[in-house]
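To start, the structure under review is shown below, and the notes come after it.
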Amino acid sequence: MIPAHKFRRSIAVTETGKRKLREAQKLKSGKRITYEDIEEVLDFQVSRSTIERFFRGKAVEIENAISIVEALGLDLEEVVDVTMYQKILG
């Protein structure tokens, strides 16, 4: 069983957020940034499986979510439900 405090510190992307993440993955050269590329940019501090879960809309720890979106040049508020985010950080 997952401890309750883990749920309070986790957040998932919205459907709109998923689209924004996918758009941010596309480089101007037409090449796509892979999960492995993101993992490398983050010095392997966030695992590829966590990055994949976040892109699929599954909840991940807030710190990991922030790292992922910043690696793509986004802000967390662009991809998550802001009211949920504010409740968590409360």
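The values are calculated or read from the model by the stated rules, or taken from the named source; none is laboratory data. Nothing here was measured: the structure is a model prediction, and the numbers come from that model. So basically every Cβ, Gly included, is an ideal-geometry build from the backbone, and we count neighbours across all protein chains shown. Side chains included, ligands, DNA and RNA excluded: accessible areas come from the protein's heavy atoms. Shrake-Rupley method; radii C 1.70, N 1.55, O 1.52, S 1.80 Å.
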Distance in nm between GLU23 and LYS58 label points, each 7 Å along Cα→Cβ, equals 2.6 nm
Whenever you get a sec, line up LYS58, LYS26 from highest to lowest accessible area (probe 1.4 Å, protein heavy atoms). LYS26, LYS58
For THR14, the residues 5 or more places away or on another chain with a placed amide H closer than 5 Å to its own amide H are VAL80, ASP81
With a cap of 10 neighbouring Cβ atoms within 10 Å, and only residues DSSP puts in a loop, list the chymotrypsin sites (Phe, Trp or Tyr not before Pro) found in the range 26-60. PHE44
